[in-house]
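The values are calculated or read from the model by the stated rules, or taken from the named source; none is laboratory data. Given the structure is predicted, the values throughout are model-derived calculations rather than measurements. Note that each Cβ is placed from the backbone with ideal geometry, even for glycine, and that neighbours are counted across all protein chains shown. In case anyone asks, the SASA skips ligands and DNA or RNA and just uses the protein heavy atoms, side chains included. Shrake-Rupley method; radii C 1.70, N 1.55, O 1.52, S 1.80 Å.
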Amino acid sequence: MHTPLCRHARGEPEAYAAHAVSLGFEEIGFSDHNPMRKDGFDNWRMNLSDMASYLGSVRVAREMHPGLRILVGLEVDYLPGHEDWIRELAAMHPWDYLIGSVHYIEDWAIDDPSMRPLWEHRDTFEIWSAYFERLGMAARSGLFDIIGHADLCKKFGFHPKQDCSSLYGGFLREAARAGVAVELNTAGLRKDCREIYPGLTFLTLARAAGIPITFGSDAHAPEEVGAGFERAIEHARLAGYTHAVRLRGREKRAEPLSSP
Ligand code: ZN
Ligand code: FE
């Protein structure tokens with residue numbers, strides 16, 4: 001989940017925690033968009049100087065909601081060539097988990113609503129291929145515990161006519177080798193694609209490849225905490241999953257699926 005420090009989320013972590021408590025959750029996690037070495041890379045992530053406020057705001061949430069376990073991590077953009085920076089970020093705090101996400105292909109953030117028109121002028125299958133190629137590199141890098149919103153390329157509802165199982169398969173081989181988990185991210189339900197990330201075909205292949213799963217609402221506002229989790233659990237079961245993993249100190253522990 002996110003915080004206002006990324007400049008496109010609303011509400012302090014304390015308010016997210018309060019909503020989680022009202023839902024009866026026992027554990028939540030924050031993973032705001034990582035800072036880059038130099039600020040100004042784009043306008044939808046934390047500045048490097050905000051790292052202390054980030055950790056401070058999570059600490060406040062913990063103090064105000066002692067009965068809730070609150071994990072802290074980062075959602076890190078995987079960009080080829082930035083591996084050293086990602087290692088530095090990883091060493092900045094004893095994170096509970098690092099989510100590796102691909103938003104950028106070349107210098108285009110494919111999920112940025114202001115860049116959506118670019119989708120109209122390019123071949124959808126080519127974009128999806130480039131996206132999954134990069135997602136496979138993110139898994140292979142070994143830098144991450146979880147891969148975020150693994151089929152984000154469907155966000156605006158542009159689906160290739162071609163069969164995409166080979167794209168999924170290429171990524172899943174890398175993910176299995178790296179031991180990285182895939183996140184069931186319910187934010188897709190709130191986007192044009194109206195579908196959890198990743199979709200059922202993808203998730204069924206992931207299950208067959210032995211890839212562990214986690215659950216995330218990708219909340220950018222307190223009331224989005226836990227949104228769609230009933231459906232996410234059903235989605236996991238439909239794909240054949242019986243367990244999900246929890247993270248703590250970057251260690252995974254499998255637990256049977258239950259209701260949220
Ligand atoms: Zn975001
Ligand atoms: Fe993301």
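A few notes on this one:
- Criterion (of a type outside the set (S, T, N, Q), outside any loop (DSSP other than H, G, I, E, B), crowded, with 18+ Cβ neighbours inside 10 Å and without any contact (Cβ under 8 Å) to a residue 60 or more places away in the chain) met by exactly one of I233, I211: I233
- Test: residue in the range 81-97 that is under 21 Å from F156 (Cα atoms), in a strand (DSSP E or B) and under 16 Å from the mean Cα position of the chain (by Cα): no
- The range 185-208: number of residues that are outside any loop (DSSP other than H, G, I, E, B), out of contact with any Gly (no Cβ under 7 Å at 6 or more places or on another chain) and open to solvent by less than 60 Å² (accessible area, probe 1.4 Å): 5
- When every residue of the range 27-38 is checked against the conditions, at least one turns out to be open to solvent by 10 Å² or more (accessible area, probe 1.4 Å), more than 21 Å from I147 (Cα to Cα) and away from ligand 2 (no atom under 16 Å from the Cβ).
- Test: residue in the range 75-91 that is farther than 25 Å from I147 by Cβ, surrounded by 15 or more Cβ atoms within 10 Å (Cβ to Cβ) and away from ligand 2 (no atom under 16 Å from the Cβ): no
- Residue under evaluation A20, criteria (1) buried (at least 20 other Cβ atoms within 10 Å of the Cβ); (2) assigned to a strand (DSSP E or B), criterion not met: (2)
- Taking first residues from the range 99-122 that are among the aromatic types (F, W, Y) and partners that are within 14 Å of ligand 1 (Cβ to nearest atom) and modelled with pLDDT of 95 or more, the Cβ contacts under 7 Å between residues at least 6 apart in sequence or on separate chains come to Y104/D77.
- Checklist (1) open to solvent by less than 30 Å² (accessible area, probe 1.4 Å); (2) closer than 25 Å to E14 by Cα; (3) more than 16 Å from ligand 1 (Cβ to nearest atom) applied to G216, failing item: (3)
- Counted residues, the range 109-135 - those being more than 16 Å from ligand 1 (Cβ to nearest atom) and more than 24 Å from G169 (Cα to Cα): 4
- In the range 103-124, the residues that are open to solvent by less than 50 Å² (accessible area, probe 1.4 Å) and farther than 24 Å from R7 by Cα: W119, T124
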